[in-house]
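Q: Starting off with a structure, shown below.
The values are calculated or read from the model by the stated rules, or taken from the named source; none is laboratory data. Because the structure is a prediction, the values reported are computed rather than measured. Methodologically, a virtual Cβ is constructed for each residue, glycine included, from the backbone with ideal geometry; neighbour enumeration extends over all protein chains shown. For the accessible areas, the whole protein counts, side chains as well, though only heavy atoms, and no ligand, DNA or RNA atoms are used. Shrake-Rupley method; radii C 1.70, N 1.55, O 1.52, S 1.80 Å.
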Amino acid sequence: MMQAAQGKKAGDRILEMRGITKDYVLGEETSHVLKGISLDVRQGEFLAVLGPSGSGKSTLMNIIGCLDVPTGGEYRLSGRLIAEQDEASLARIRNREIGFVFQQFQLLQKQTARQNVELPLLYANMPEKKRRARVEEVLCRVGLEDRMDYYPNQLSGGQQQRVAIARAISVNPTVLLADEPTGALDQKTGGQVMELFHELNKEGRTIIMITHDRHIAQHAGRIVRILDGNLSEGDIEDA
Ligand SMILES: Nc1ncnc2c1ncn2[C@@H]1O[C@H](COP(=O)(O)OP(=O)(O)OP(=O)(O)O)[C@@H](O)[C@H]1O
Ligand SMILES: [Mg+2]
C-alpha cells in the first residue's frame, strides 16, 4: 500500500503563494502575465486550475513546478521559500516533491514503461532492489502489470498517460502536478484517467490539475479559475 507523501498529514498546508507576479519584457513592452496570485493548497486536496487559452495556466504551472521563477511575490513549497533555493536544491525539489504529468505524456521513446518509471527513482538514488520493486508496484497501481516491458509506441494514448502517471508518483512526491492530462485523449480514455486521479486522491495524494475544460475540472474537489493572470476561487457558476 502506498502512503501519502512522507511526514505530511491531511490538511497540512503544503503550497503557499502570496502575490505571485510574472512579467515578460519584449523590447519596449512589458506584459504582466500573472498579476498577483495567492493560493494555498493543503495535503490531500484535488485542485483544478481552470482557465482559457492564454490566461496564464502554463506560466503558473511552471512556477508551481519550480521550472520557472516568479517576478514578484512569495512561493513556499513544504514550508521552504523557493526563491532562496540554489539550483541543486531546486533540482532535488523537482525530483522529490513534484510529479509532473503533461498533455503529451513526455515519455522517452527508446525506453520501456519500466525504464521510464525507473528514471526519477534513479535520480533519487534509490537502491536497485527497492527501485525494481517500486517500479512494479506503481505500474501495477495504474493497471499496467501486463505492459511493463512495452515501449511507448506499443501502447495506446491512455496507457502511455498511465505510464506517465506511474512515473510521476514513483518517488511519492508531495504534489502530482498535471497540465491538461486528458488533452490528447478521447473522452472515454480521458474519463479513465480522471477515475485514476480520483483513486489516487482517495489514497491521500495531493493533485493540482491545470485545464481549460470545465467538465474535466469538475472532477476535482476544488476549482480555482484563472482569467487574464488573476485567480479566483470557485467555478463560474458559483460566482
Ligand atoms: N516566454 C514568454 N515571453 C513572453 N510572453 C509569454 C511567454 N510565455 C507566455 N507568455 C504569454 O503569457 C500569456 C499566458 O501564457 P500561458 O502559456 O501561461 O497560457 P495558458 O493559459 O497555458 O494557455 P494555453 O491554454 O493555450 O496553453 C500569453 O499571453 C503568452 O503570450
Ligand atoms: Mg498552457
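Q: Where does each of 169-176, 85-92, 145-152 land if you order them by average Cβ count within 10 Å, highest first?
A: Averaged packing, sorted descending, gives the order 169-176, 145-152, 85-92.
Q: From the phi angles alone, apply the Karplus equation (6.51, -1.76, 1.60; θ = phi - 60°) to the range 29-37 and give each ³J(HN,Hα) in whole Hz, x where the residue is Gly or Pro.
A: Computed from phi, the couplings for the range 29-37 are 9, 10, 9, 8, 7, 10, 10, x, 9 Hz.
Q: Now, a different point. Which shape class, rounded, prolate or oblate, goes with the chain when its Cα gyration tensor gives a ≥ b ≥ c as root eigenvalues, a/c under 1.5 marks rounded, and past that a/b bigger than b/c marks prolate?
A: The shape class here is prolate.
Q: Could you work out what % of the accessible surface of the chain is carbon and sulfur, using a 1.4 angstrom probe and leaving DNA, RNA and ligands out of the count?
A: 48 percent
Q: How many nm separate the modelled label positions at Glu74 and Glu136, each set 7 Å beyond the Cα in the direction of the Cβ?
A: In this crude spin-label approximation the distance works out to 4.7 nm.
Q: Under a point spin-label approximation (7 Å from Cα along Cα-to-Cβ), what is the Tyr151-Lys35 distance to one decimal in nm?
A: 4.9 nm
Q: Per residue, how much accessible area does the range 128-178 show when a 1.4 Å probe rolls over the protein heavy atoms, in square angstrom?
A: Normalised by residue count, the accessible surface of the range 128-178 is 41 Å².
Q: Give, in nm to one decimal, the length gained when the segment between Tyr24 and Gln85 is fully stretched (0.36 nm per residue of separation minus the Cα-Cα distance).
A: Once the chain is fully extended between Tyr24 and Gln85, it gains 19.7 nm.
Q: Oh, and also: Measuring from label point to label point, each 7 Å out along Cα→Cβ, what is the Glu195 to Gln109 span in nm?
A: Those two pseudo-labels are separated by 3.0 nm.
Q: Here's something else I'd like to know. Per residue, how much accessible area does the range 57-113 have with a 1.4 Å probe, in Å²?
A: On a per-residue basis, the range 57-113 sits at 50 Å².
Q: Right, here's the next one. Only four residue types carry charge here, +1 at the Cβ of Lys and Arg and -1 at the Cβ of Asp and Glu. Report the dipole size of the chain about the Cα centre in Debye, rounded to the nearest 20.
A: That gives a dipole near 900 debye.
Q: Moving on to the next point. Going down the table (Lys110/Lys130; Lys9/Lys35; Lys8/Lys130), which pairs top 26 Å between alpha carbons?
A: Lys9/Lys35
Q: I'd like the Karplus ³J(HN,Hα) series for the range 43-56: coefficients 6.51, -1.76, 1.60, θ = phi - 60°, whole numbers in Hz, and an x wherever there's a Gly or Pro.
A: Karplus-based 3J(HN,Hα) across the range 43-56 equals 3, x, 7, 10, 10, 10, 9, 10, x, x, 4, x, 6, x Hz.
Q: May I ask you to derive the relative contact order of the chain, considering only C-alpha pairs under 8 Å and at least 6 residues apart, and to give it as an integer percent?
A: The normalised contact order for the chain reaches 30 percent.
Q: Sticking with this structure for a sec: For the charge dipole of the chain, defined by +1 on Lys and Arg C-beta atoms and -1 on Asp and Glu C-beta atoms about the Cα centroid, which residue among Ala10, Met126, Thr189 has the Cα displaced farthest towards the positive pole?
A: Met126
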